[in-house]
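The structure appears below as structure tokens.
The values are calculated or read from the model by the stated rules, or taken from the named source; none is laboratory data. Because the structure is predicted, anything quoted here is derived from the model rather than measured. Here the Cβ positions follow ideal geometry from the backbone for every residue, glycine too, while neighbour counts run over all protein chains shown. Calculation scope for accessible area: heavy atoms of the full protein, side chains included, ligands and nucleic acids excluded. Shrake-Rupley method; radii C 1.70, N 1.55, O 1.52, S 1.80 Å.
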Amino acid sequence: MIDSSDDTQPPAPRRNRVLDALKRAERKVFTRPAPKSAKAQIEFLYTRAKRSTKALAEQLGVSPRTVQRYRAGQLKKPQKRLQAALVEETESQWQPQVRAQARERAATSSGMMVEVTAYFGFTCTGSSDDGRERTITTPISPTYAAQILQLQEAGATEEDLHPIVAEAITESYFTEWGTRADGLRADFTHVRSIDFEF
């Protein structure tokens, strides 16, 4: 008898899980912590913006006067939106060489680890669709790591990344590098959580 209860339905989709996980993986390779206080973050970003108050203000979506007041220590506690922008901008520009080296290693020699909880569906040479939610931890080969990182750099969307990440997981986890389940293809949707490690 077929169970038609709702517990087999995939969970509601979440946005940008893969892109966020790639950013987090980069931040895990920092050799020194990024600046934490608003003043330190502003000073760091000011230097990165070639000491242009106007350019930094535009980047953060605030007035040049606001940037000046944080630099002078007159303002110390940013509102939520500015605080989030400061963290995001600081961490995305912190230790670019360390991040670049980690990405280079992943793409050429070490690959990446992925841990994902998502709804996986399958197609293979017969016909199969025993889709269900699974939690999988598996290595991703340097070849796939390189493709994923290149797509991310080129501004790929979450939807662009899903097929290549699914292919990478299929290769290492489901077909064990082509040694079994020939012709199997796994697709995942409704990613609940995902983490990468360089």
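Computed over the chain with a Gaussian network model linking Cα atoms closer than 10 Å, the most mobile of S109, S63, S141 is S63. Anything over 23 Å Cα to Cα? Flag those among K50/K80; K28/K76; K36/K80; K23/K77, in the order listed. Table pairs above 23 Å Cα-Cα are K50/K80; K28/K76; K23/K77. Under the simplified labelling scheme, the A55-A34 pair shows an inter-label distance of 1.9 nm, with each label point 7 Å from Cα along Cα→Cβ.
Considering the values (1) 51, 33, 31; (2) 63, 37, 29; (3) 69, 42, 24, which represents Cα extents along the principal axes in Å as calculated for the structure under consideration? Derived directly from the coordinates: (3). Helix content alone sets the calculated 222 nm mean residue ellipticity of the chain: runs of n ≥ 4 DSSP H residues at -39500 (n - 2.57) each, divided across all residues, give -13000 deg cm²/dmol. E133 exposes around 70 Å² of accessible area when a 1.4 Å probe is run over every protein chain in place. Among the protein heavy atoms of the range 73-175, carbon and sulfur supply 50% of the accessible surface, probe 1.4 Å, non-protein parts ignored. Using θ = phi - 60° in the Karplus curve 6.51 cos²θ - 1.76 cosθ + 1.60, the 3J(HN,Hα) couplings for the range 102-107 round to 5, 5, 4, 4, 4, 7 Hz; x is entered for Gly and Pro. Per residue, the chain exposes an accessible area of 59 Å² to a 1.4 Å probe, with every protein chain left in place.
Each label was represented as a point 7 Å from its Cα along the Cα-to-Cβ direction; for T138 and Q79 these points are 4.7 nm apart.
Annotation: amide H of I140 within the under-5 Å range of M112, M113, V114, sequence separation 5 or more or interchain, hydrogens built in the peptide plane.
Summarising the amide proton neighbourhood of E133: residues at separation of 5 or more, or on other chains, whose placed amide H is nearer than 5 Å comprise F120. A simple spin-label model places pseudo-atoms 7 Å from Cα toward Cβ; at E159 and A100 they are separated by 3.3 nm. Largest first, the residues R180, R134, R32, R17 sort by 1.4 Å accessible area into R32, R180, R17, R134. Note on W177: accessible area is roughly 130 Å² with a 1.4 Å probe, heavy atoms of protein only.
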